[in-house]
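Asker: Once you've had a glance at the structure underneath, I'll fire off some questions.
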Amino acid sequence: MDSEQLSTLAKVDGELWQAFPEDLYIPPDALEVIVDIFEGPLDLLLYLIRKQNLDILNIPVAKISRQYMVYIELMEGLHLELAGEYLLMAAFLAEIKSRMLLPKPTESEGEDDDPRATLIARLREYERIKKASEELEKLPRQERDIFPSQVTTPEIKVKRQHPDIELTEILLAFKAVLNRAEQLTEHQITKETLSLKDRMSFILQSLKNTEYVIFASLFTFKEGRAGVVICFLAILELSKEGVIEILQSEPFAELRVKGVIPLVA
């Protein structure tokens, strides 16, 4: 690979670009760097100690403090919100560093005077808790978060006893069902095919060019009782209007229908 390819930033439409265009605008938040997420300042210190294989009982405070501040500045540069405990730990490290730089009185030398004792105790306690949480994370979730339930139910034999019902009660219940069925029976209502107005027109048409017509000739036996009734109502309506006359020569004789005014076709 030659030096030209090593210095290439991108390849667009077959053309190599060794520098950014002058009119190229890159937003400030276009590129985000993902760093390790720490659960607190102790987690960050433990990460730095493990990363460099340092002895937790003999922490080089100056070196760890510098690396700690580098991470703090990196987080601030990435616009990450820093909790107050991170800054408090930075101040605590600075205090330990300053105390270690001061000369110690000869009569007070000993392990209890080590400024790092409190920090070491907190780190060792946190390391044990973190290790325990990591071991718990390795456990199967089925026995940690999810527990299968198994229930064994004994076989129960139920003896169903049929009710003692008299024959009379069965007959009464059957009768009630039949009564309800009659109430729910459907029937269709159809429009009458015989019309009073049409029958009146038919009678007037039959009286044209004739003196009278017999009542029985104005309906057919196929029409049945409805035809007789509609025809009788029609001649009554026409008689009421004074268009026709209803004649009968003697009691129980045939009815004859006669036009009052001669109707000509």
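Asker: Identify all residues within the range 104-134 that are of a type in the set (Gly, Ala, Ser) and at pLDDT 65 or above; write none if there are none.
Answerer: Within the range 104-134, 117, 121, 132, 133 meet the criteria.
Asker: Let me ask something additional. Can you name every one of the helices (runs of 4 or more DSSP H) wholly within the range 1-92 that holds 3 or more residues which are within 49 Å of the chain's Cα centre (by Cα), at pLDDT 80 or above and of a type in the set (A, V, I, L, M)?
Answerer: 41-51
Table: residues versus (1) within 60 Å of the chain's Cα centre (by Cα); (2) under 30 Å from residue 243 (Cα atoms); (3) assigned to a helix (DSSP H, G or I).
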site	(1), (2), (3)
127	yes, no, yes
152	yes, no, no
180	yes, no, yes
188	yes, no, no
202	no, yes, yes
224	no, yes, yes
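Rundown of residues vs (1) at pLDDT 80 or above; (2) out of contact with any Phe, Trp or Tyr (no Cβ under 8 Å at 6 or more places or on another chain); (3) small (Gly, Ala, Ser), yes/no style:
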residue: 204; (1), (2), (3): yes, yes, no
residue: 207; (1), (2), (3): yes, yes, no
residue: 212; (1), (2), (3): yes, yes, no
residue: 224; (1), (2), (3): yes, yes, yes
residue: 229; (1), (2), (3): yes, yes, no
residue: 242; (1), (2), (3): yes, yes, yes
residue: 254; (1), (2), (3): yes, no, no
residue: 264; (1), (2), (3): no, yes, no
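Asker: Which residues, counting only those in the range 230-251, are assigned to a helix (DSSP H, G or I) and surrounded by 15 or more Cβ atoms within 10 Å (Cβ to Cβ)?
Answerer: 230, 231, 232, 234, 235, 237, 238
Asker: So residue 209 fits all but one of (1) surrounded by fewer than 10 Cβ atoms within 10 Å (Cβ to Cβ); (2) touching a helix residue (DSSP H, G or I) at 6+ places or on another chain (Cβ under 9 Å); (3) of a type outside the set (A, V, I, L, M); what number is the exception?
Answerer: The one condition residue 209 does not meet is (2).
The values are calculated or read from the model by the stated rules, or taken from the named source; none is laboratory data. Quantities reported herein were computed from a predicted structural model and do not represent experimental measurements. Virtual Cβ from ideal backbone geometry, glycine too; neighbours counted across all protein chains shown.
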